[in-house]
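Engineer: Before we start, here is the structure in question, set down as structure tokens.
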Amino acid sequence: SKAFTYDEVVEKVAQKLGVDDPTKIRLTSHNCYSQQPKPQPIKYRGVERLLDMLIHYNQTSDILYYEVLDIPLPELQALKTLKVTYHHGTKDEVSVHSIRLPKNSTVGDVLNDIKSKVELSHPNAELRLLEVFYHKIYKIFAPNEKIENINDQYWTLRAEEVPEEEKNLGPFDRLIHVYHFTKDTQNQTQVQNFGEPFFMVIREDETLSSIKERIQKKLKVPDEDFSKWKFAYISLGRPDYFEDSDTVASRFQRNMYGAWEQYLGLEHPDTAPRKTHNANQNRHSFERPVKIYN
């Protein structure tokens, strides 16, 4: 009956599925235009009756989606769930973790939770949480930041160990963004980023040839491939290529606003198989094994 209350609907669904606790059923309404589930599920007792669950604008649907949760929905709603991708410090390995914590938790709590779930390169490793979008790093989260408003739907949350060299920056060292890119085939003045972005410490008088050596070692790229890579200072999407003897740090200001728009670009072919954008966000230019943990 369309007049059934929220509790009666979940009870019926639970009975049909053989689920002992109806509060573990979470429902989602149907979007009649996209023919997909709506992005936001129905909150616990968030609607009065079945009829309210089936109406989308002025249309009535006969489709309702369900999930069977591992904990009751009222408990889950008191928690914030974040999907975090963990990049191992020394191994070429990525794992994806679903982190569930009370909404008033901090980024520091998230990192402590991840530490208990992953293999660290050494027991005292320090972790940080980054916001990655379209293969650029937009933010390093402060450990005391509350997680309630962090969005993991469009941005990728990446946890990683803080490299030792970044902890002891000298007065003239620069911490720069390093991104992979290719030239747009249609428009050669446009660059397209891909793969995994990363930070790198460069010293004041360091030449490109020295930096190249460290990048090759970090990314474990074979000589034959690496010899074809080009290196550019990129500001607002325009590449300015370096020679091996150029001092790289001189191009990077000390405190740049919007640092992700000024970076050291590594130009080379994107060798990983094509995937949709979402699958694409979390991969290095060379395929890394990905493990999913819930």
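What follows is calculated from the coordinates using simple rules that are stated; it is not laboratory data. Nothing here was measured: the structure is a model prediction, and the numbers come from that model. When we count neighbours, we look across all protein chains shown, and the Cβ atoms used for this are built from the backbone with ideal geometry, even at glycine.
Engineer: Which label belongs to the value computed from this structure, given these candidates for mean projected area of the Cα convex hull in nm²: (i) 26.1; (ii) 19.4; (iii) 24.5?
Structural biologist: Computing mean projected area of the Cα convex hull in nm² and matching it to (i) 26.1; (ii) 19.4; (iii) 24.5 gives (ii).
Engineer: For segment 113-135, list residues with backbone N below 19 Å from a point placed 7 Å from the Cα of K220 toward its Cβ?
Structural biologist: Only 119-122 pass the distance filter.
Engineer: I'd like the FRET efficiency for L169 and K139, computed as 1/(1 + (r/R0)^6) with the beta carbon distance as r and R0 of 22 Å, rounded to 0.05.
Structural biologist: So, using R0 = 22 Å, E works out to roughly 0.70.
Engineer: Still on this structure, please answer the following. Before rounding to the nearest 500, sum -39500 (n - 2.57) across all DSSP H runs of length at least 4 in the chain and divide by the residue total; then give [θ] at 222 nm in deg cm²/dmol.
Structural biologist: -4500 deg cm²/dmol
Engineer: While we're here: Report, in debye and to the nearest 20, how large the dipole of the chain comes out about its Cα centre when Lys and Arg carry +1 and Asp and Glu carry -1 on their Cβ.
Structural biologist: With only Lys, Arg, Asp and Glu charged at Cβ, the dipole is about 640 debye.
Engineer: Mind checking which of I202, I71, I137 has the largest fluctuation in a GNM of the chain, springs on alpha carbons under 10 Å?
Structural biologist: Of I202, I71, I137, the most mobile in the Gaussian network model is I71.
Engineer: If the elastic network links every pair of Cα atoms under 10 Å, which of K80, K228, K115 fluctuates the most in the Gaussian network model of the chain?
Structural biologist: Sorting by GNM fluctuation, first place goes to K228.
Engineer: Charges at C-beta only: +1 for Lys and Arg, -1 for Asp and Glu. How large is the resulting dipole of segment 73-162 about its Cα centre, in Debye rounded to 20?
Structural biologist: Dipole magnitude for segment 73-162 comes out near 200 debye.
Engineer: Could you tell me which of I63, I137, A249 has its Cα farthest along the dipole of the chain towards the positive end, charges placed at Cβ (Lys, Arg +1; Asp, Glu -1), taken about the Cα centre?
Structural biologist: I63
Engineer: Would you please name the GluC sites (Glu not before Pro) within segment 1-79 that are DSSP coil residues with at most 15 other C-beta atoms within 10 Å of their C-beta?
Structural biologist: Here the GluC sites (Glu not before Pro) that fit, given the DSSP loop and packing criteria, are E48.
Engineer: Here's another thing I want to ask about it. Going highest first, how would you order 35-43, 128-136 by mean Cβ packing within 10 Å?
Structural biologist: Output ranking for 35-43, 128-136: 128-136, 35-43.
Engineer: Okay, moving on. Pairs to check: K24/K103; K83/K115; K117/K212. Give those whose C-alpha atoms are more than 23 Å from each other in this structure.
Structural biologist: Pairs exceeding the cut-off: K117/K212.
Engineer: Can you tell which of H268, H177, H122 shows the greatest fluctuation in a Gaussian network model of the chain with Cα springs below 10 Å?
Structural biologist: Per the Cα network of the chain with a 10 Å cutoff, H122 tops the list.
Engineer: Can you list the residues of segment 124-157 with backbone N under 12 Å from a point 7 Å past the Cα of K103, pointing along Cα to Cβ?
Structural biologist: Counting only backbone N, you get 147-150.
Engineer: Distance between Cα centroids, segment 90-112 to segment 1-64: provide it in whole Å.
Structural biologist: 31 Å
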